[in-house]
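Everything below concerns the one structure shown next.
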């Protein structure tokens, strides 16, 4: 049975695996592929389903797929089917244009806790393209309409299982700071933050150090969480945290643009 491209896309998304969709947008002359023909390629450039041609077409699309996955940006490639170098002596006598689009899994934002700061973070995260997971025994579903998943049966936060590239914010009102932070530090999450006072953060980090976590690992924890916006309101605090997350995700400095060398 020939695999269906749409079914495979859904399966890859559920597995949180990156893939590339290649679409023929234009044909000039003779080609084995037709306009609107599609192919689905995995993260290694292997065609899983569909067809955009063989020989030079397939090799160039595979190469472009890998480049697009690396940059995260789509591209358009023009393939000369008469090109003996890429065509390996099998010219078709035409040319075609292919749109190559990478699809990466959405980054996940794990929110450990409840309350107005977490509610605002959930909304901000959703609007910025995160799959938001709220994990807290006291989290009410009607307070988190934007959450992709709500976990309420995890008192020790053992269901916190971040993947590489995930973001974690801990706001347990001190009750679960140690358990949640310990769990997060066993992962490769790219951002781990604790909402707390400096005094409370030091107590938790000192305990984790005594448990054997390295200074380098503990140094990755952002505690207190967020950028210095002089925030007071829960929504302002959430904004400072989500701003720090954007800076981490995009490689920003967090400085005002008026003082930064980054292009405005």
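The values are calculated or read from the model by the stated rules, or taken from the named source; none is laboratory data. Everything numeric in this text was worked out from a predicted model, so none of it was measured. Backbone-built Cβ (ideal geometry, glycine too); neighbour counts: all protein chains shown.
How do the pairs read when you match residues in region 20-34 that are within 12 Å of residue 95 (Cβ to Cβ) and in the same structural domain as residue 49 (by TED's automatic domain parsing) with residues anywhere that are modelled with pLDDT under 85 and surrounded by fewer than 13 Cβ atoms within 10 Å (Cβ to Cβ), using Cβ under 7 Å and keeping only pairs 6 or more apart or on different chains? Pairs that qualify, where the first residue is within 12 Å of residue 95 (Cβ to Cβ) and in the same structural domain as residue 49 (by TED's automatic domain parsing) and the partner is modelled with pLDDT under 85 and surrounded by fewer than 13 Cβ atoms within 10 Å (Cβ to Cβ), are 29/93; 30/93. Taking the numbered list (1) closer than 23 Å to residue 107 by Cα; (2) touching a helix residue (DSSP H, G or I) at 6+ places or on another chain (Cβ under 9 Å) in turn, residue 164 passes all entries but (2). Output the residues belonging to region 33-45 that are over 30 Å from residue 109 (Cα atoms) and either assigned to a strand (DSSP E or B) or touching a helix residue (DSSP H, G or I) at 6+ places or on another chain (Cβ under 8 Å) (or both). Correct list: 33, 38, 39.
Scanning region 1-31 for residues that are in a loop (DSSP other than H, G, I, E, B) and within 18 Å of residue 64 (Cβ to Cβ), which turns out nearest to the chain's Cα centre (by Cα)? Looking at residues that are in a loop (DSSP other than H, G, I, E, B) and within 18 Å of residue 64 (Cβ to Cβ), I get 18.
Please indicate, with yes or no, whether at least one residue in region 220-239 is touching a strand residue (DSSP E or B) at 6+ places or on another chain (Cβ under 9 Å) and loosely packed, with under 15 Cβ neighbours inside 10 Å. Yes, some residue in region 220-239 is touching a strand residue (DSSP E or B) at 6+ places or on another chain (Cβ under 9 Å) and loosely packed, with under 15 Cβ neighbours inside 10 Å. Of all residues in region 190-207, those that are without any contact (Cβ under 8 Å) to a residue 40 or more places away in the chain and surrounded by 18 or more Cβ atoms within 10 Å (Cβ to Cβ) total 6.
For region 133-155, a residue qualifies if it is crowded, with 21+ Cβ neighbours inside 10 Å, modelled with pLDDT of 95 or more and more than 17 Å from residue 194 (Cα to Cα), and the qualifying residues are 144, 147.
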